[in-house]
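Values in this text are rule-based calculations from the coordinates and carry no lab data. The structure presented is a predicted model; accordingly, all values stated were derived computationally and were not measured. As a convention, Cβ positions derive from the backbone with ideal geometry for all residues, glycine included, and neighbour counts pool all protein chains shown.
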Amino acid sequence: MNITKQEVDNLNAVIKLELSEGDYGDKVNQILNDYRKKANMPGFRPGMVPIGMIRKMYGNAVKADEINKVLSSSLYDYIEQNNLEILGNPLPNDEQSNVEDFDKQKDFEFAYDIGLAPQFEISVTAKNKYNQYKIVIDDELLNKNIGDVARRYGSVKEAETSQENDLIQGEFRELGKEEGEGVVHTSTVSLEFLEDEAEKQKLIGKKLGDVVKVNPAKLSKGDTDMAAMLGVQKHELENLSQEFEFQISKIYNLTPAPLEQELFDKIFGEGKISGEEEFRNKIKEELAKALEVDCERKLKKDIYDDLIKKAKMDLPDEFLKRWLKAASKEPIPENIFDEEYEKYADSLRWQLMENKIIKTHELQIQEEEIKAYVRQMVQEQFAMYGQTEMPDEQLDAFGQRILSNEEERNKIYNQLYDKKITEFLKNTCTFKEKEVSYDDFVKLVTEKPSKFNLFNKNFFNKLFK
């Protein structure tokens, strides 16, 4: 067999494999002879069916199967032996492959397109400077969160007339469509969280059965929320009317729980909190922890976006798009594909940079680290069910069972490497603490959203399963 690689450009190449009968013929003959020994056909004694008949019946199928096996093993052996860093999997290049008459042809030439990982350099030093945001918890923010907690533990009763903070259930009906064609869907609207004041006023003071003309875009927070509210796919929104009827079927009045001992005990446990002041301090403490997580997430995104931008990594985009479409088990609308591909591409860039950081700075995970991490993970899981004291031998036994699952082991490795890389970045880069209000922090996140969706489950992975 002869294998060659042709460079298309820095990110794309074609691997050609030239097969002769000697590469697959012996194995084909062996399999056909095995078939002959086991064949049981009328008019012939067992094992005495003519090989020509067996070849006519099974020859092409066996030949195709063996050629595919030889191609696959030879292709990936070549990639491994030549240290080719490929993205995705090789794709057949039908234009350059040479199969004219499979029945009679003995020598074949197959070509595969491959996408190559970009070559790049990345520098992570103290010169990499980032803002470490800290959200100031003022009285307004604290009171809002206490109000949210009180409503969450409050009482709900049905009402006949809607008030400012009520939850309304009703049926959305799309206008401007032929009968039976428009969207009809039952959903709920929380008046408390509506940002468009004019649209909110339309729904205040309404009674059961009332019909109100509304714009769904002004009743929701973004396309994802709107699609869920109307019961449609996100890509279908662009074809919808902006005007709907909303017929009210139920009104729920939410009454916040009073800030009393009963509420304090219900949230934090009996006797753990005494008095409203202590309750407010505890809520502030819990809120600070939650906001710290948000700030850490923002910092990580800022670092990722900055490093991706500085690395200036081009990808074999057209090849990757072909590969993703070929690998998907279901068709993907073009507008959704293009949007999700951008997220995928940036995730892939970061994955390449992670590998570069791990290799350049020799970040390694020792077996003891894995065992300790899994032991802690198991301990926390049992603690959730009240088992706080467990011997190390038992924890290790459960941990070993987890690590014996290859998928779980890979997941744990990824978590530990992510932790290692985060620690490396935080110990290497320079950070300046910057206090901001909650509203200003929200603006920072929403006005300049990160292209790299660090915490979003990969869209394409869902389609490959």
Environment charge of Glu393, counting only residues whose C-beta is closer than 15 Å and scoring Lys/Arg +1, Asp/Glu -1: 0
Taking 0.36 nm per residue of separation and subtracting the Cα-Cα distance, what length does fully extending Lys250 through Leu208 add? 14.5 nm
How many percent of Cα pairs in the stretch 155-255 exceed 18 Å? 43
Among Ala64, Ser220, Phe424, the residue whose Cα sits farthest towards the positive end of the charge dipole of the chain (+1 at Cβ of Lys and Arg, -1 at Cβ of Asp and Glu, taken about the Cα centre) is Ala64
Charge tally for neighbours of Met313 with beta carbon under 11 Å away, counting Lys, Arg as +1 and Asp, Glu as -1, is +2
Output wanted: per-residue J couplings in Hz (rounded whole) for the stretch 369-383, from phi through Karplus 6.51 cos²θ - 1.76 cosθ + 1.60, θ = phi - 60°, x for Gly and Pro. 5, 5, 4, 5, 5, 5, 4, 5, 4, 5, 4, 5, 5, 5, 4
If you average the alpha carbon positions of the stretch 254-326 and of the stretch 153-226, how far apart do those two centres end up, in angstrom? 28
Taking 4 °C and 1.567 mPa s as the conditions, I'd like the Stokes-Einstein D for the stretch 291-464 in µm²/s, using the Kirkwood hydrodynamic radius from alpha carbon pairs. 67
A correct Karplus calculation of ³J(HN,Hα) over the stretch 113-128, with 6.51 cos²θ - 1.76 cosθ + 1.60, θ = phi - 60°, whole Hz and x for Gly and Pro, returns 7, 10, x, 9, 5, x, 8, 7, 10, 9, 10, 10, 9, 5, 6, 7
With P(r) over Cα pairs in 10 Å bins from 0, in percent in mind, check (i) 3, 12, 14, 17, 17, 14, 10, 8, 5, 1; (ii) 4, 19, 26, 26, 17, 7, 1, 0; (iii) 3, 12, 16, 20, 19, 14, 8, 5, 2, 0 and report the label derived from this structure. (iii)
Go ahead and estimate [θ] at 222 nm for the chain from helices alone: -39,500 (n - 2.57) per DSSP H run with n ≥ 4, summed, over the residue count, rounded to 500. -16500 deg cm²/dmol
Once both labels are modelled 7 Å past Cα along the beta-carbon direction, what's the Met53-Asp107 spacing in nm? 3.5
Using 1/(1 + (r/R0)^6) with R0 = 60 angstrom and r between the beta carbons of Arg151 and Asn128, what's the FRET efficiency to the nearest 0.05? 0.90
By how many nm would the segment from Val232 to Glu423 grow when fully extended, if each residue of separation counts as 0.36 nm and the alpha-carbon distance is taken off? 64.6 nm
Restricting to the chain, what percent of DSSP beta bridges are antiparallel, rounded to 5? 85
In nm, what is the difference between 0.36 nm times the number of residues separating Leu84 and Glu407 and their Cα-Cα distance? 113.8 nm
Arrange the peptides 136-143, 396-403, 305-312, 38-45 so that the one whose residues have, on average, the most other Cβ atoms within 10 Å appears first. 305-312, 396-403, 136-143, 38-45
Computed E for Glu181/Asp225 - FRET, C-beta separation, R0 22 angstrom, nearest 0.05: 0.40
Qualifying GluC sites (Glu not before Pro) in the stretch 349-401, DSSP loop, other Cβ atoms within 10 Å at most 15: Glu362, Glu389
In degrees rounded to 10, the 0-90 angle between helix 406-428 Cα long axis and the longest Cα principal axis of the chain is 60
